[in-house]
Each structure stands twice: as C-alpha cells, then as structure tokens.
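S.K.: Dropping the structure in here first, questions after.
The values are calculated or read from the model by the stated rules, or taken from the named source; none is laboratory data. Bear in mind the structure is a predicted one, so any value in this text is a computation, not a measurement. Reconstructed Cβ throughout: ideal geometry from the backbone, glycine too, with neighbour counts over all protein chains shown. Heads up: the accessible areas ignore ligands, DNA and RNA and are worked out on the full protein's heavy atoms, side chains in. Shrake-Rupley method; radii C 1.70, N 1.55, O 1.52, S 1.80 Å.
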Amino acid sequence: NHTYNHVMFNNADSKTIREQITKTNNQVRDMTGKMPLLARAPGGFMGENLKADVGMPLIQWSLDTKDWSSRNADSVVNNIKSSVKDGDIILMHDLYDSTAQATEEILPWLVAEGYQIVTVSEMMAVKGIEMQPGEVYFNAR
C-alpha cells in the first residue's frame, strides 16, 4: 500500500492516514482478491501517528537509485551496481521510462551476481525476520 493519492504523511493527521490506507487496501482487495500486507509512505516521510495509524509493517529502503532525480538509466544501473548488498530493499519508481530501461539491464546483472529477485515479504521470510505492524524496515539484514 502506497496510499490512494500519494499523500505525504509527515504532516497528515490520523484520519487522513487511515482513510488513505483503508481506501487503497479496499481497492486492491476488490481488484485482486487479496489485502495488502505492507505499506510504504510516499517519500519515506514518517509522521508521529503513522506507525499506529497504518497498522501494517512499514517498508522503507536501503538503496535509493535516485531514479526520480536522474531520470537516467545508466545512472540508475551504476548506482545499483556500485552499492547493492545482500538484503537491500531497492527503491525504484515504475513511472519513468529510464527506470524501465535500467531494470532491463540490472535484473540480469543481479541474477548473474547471485542475487535472487524476490518480494520484500519473501526476502524477510527467507532471512527469518517476522515483520510486525507499526515497525519500520529498511532492509533484511
């Protein structure tokens, strides 16, 4: 869950946070038959109420590709290749063509380097990390 309207939670009140999470959860459930299990706050902004109001594990990231800033596939690829470590959660955005181009190159490279491409939930399970509602996770180390 990444909110319904990409609301930044750093200054959001509890009502807004709960509405954004609930509306998104319901929409995803209606479309897929499954409820979201994890949430990521837009921009990574964590206001004081967020942990209690979301009621789900909160996922951040340990490697920001800065695709939102560079909008350059080579830059994204180089950022990942020079920094990635086992257990990283890599932040990328699916709205940029440059990120899609970078993904086409970086996924085969990661696999060749011995990494497995998995969901956050899968990675945490493999690492023996039981995620808890209201807790914030930056990686699986």
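S.K.: Out of the residues in segment 119-135 that are among the hydrophobic types (A, V, I, L, M, F, W, C) and not in a helix (DSSP H, G or I), state the one that is nearest to the chain's Cα centre (by Cα).
M.R.: Narrowing segment 119-135 to residues among the hydrophobic types (A, V, I, L, M, F, W, C): 120, 123-126, 129, 131.
Checking which are not in a helix (DSSP H, G or I) leaves us with 129, 131.
Working: 129: 17, 131: 14 Å.
Out of the qualifying residues, it is 131.
S.K.: Every residue in segment 56-73 that is out of contact with any helix residue (DSSP H, G or I) (no Cβ under 7 Å at 6 or more places or on another chain), in contact (Cβ under 8 Å) with a residue 24 or more places away in the chain and surrounded by fewer than 17 Cβ atoms within 10 Å (Cβ to Cβ), please.
M.R.: Of everything in segment 56-73, those that are out of contact with any helix residue (DSSP H, G or I) (no Cβ under 7 Å at 6 or more places or on another chain), in contact (Cβ under 8 Å) with a residue 24 or more places away in the chain and surrounded by fewer than 17 Cβ atoms within 10 Å (Cβ to Cβ) turn out to be 64, 68.
S.K.: If the Cβ limit is 6 Å and pairs must be 6+ apart or interchain, which residue in segment 1-12 that is without any contact (Cβ under 8 Å) to a residue 24 or more places away in the chain pairs with which residue that is open to solvent by less than 30 Å² (accessible area, probe 1.4 Å)?
M.R.: These pairs meet every condition: 4/20; 4/24.
S.K.: Sticking with this structure for a sec: Does any residue in segment 30-55 that is over 16 Å from residue 2 (Cβ atoms) and open to solvent by 10 Å² or more (accessible area, probe 1.4 Å) come within less than 8 Å, Cβ to Cβ, of a residue that is outside any loop (DSSP other than H, G, I, E, B) and β-branched (Val, Ile, Thr) six or more places away or on a different chain, and which pairs are these?
M.R.: 49/17; 51/136
S.K.: On to the next question. Scanning segment 78-107 for residues that are closer than 24 Å to residue 126 by Cα and not hydrophobic (A, V, I, L, M, F, W, C), which turns out most open to solvent (accessible area, probe 1.4 Å)?
M.R.: First, the residues of segment 78-107 that are closer than 24 Å to residue 126 by Cα: 80-81, 83-92, 103, 106-107.
Next, from what is left, pick out any that are not hydrophobic (A, V, I, L, M, F, W, C): 81, 83, 85-88, 103.
Working: 81: 81, 83: 45, 85: 106, 86: 89, 87: 5, 88: 19, 103: 44 Å².
The extreme case among them is 85.
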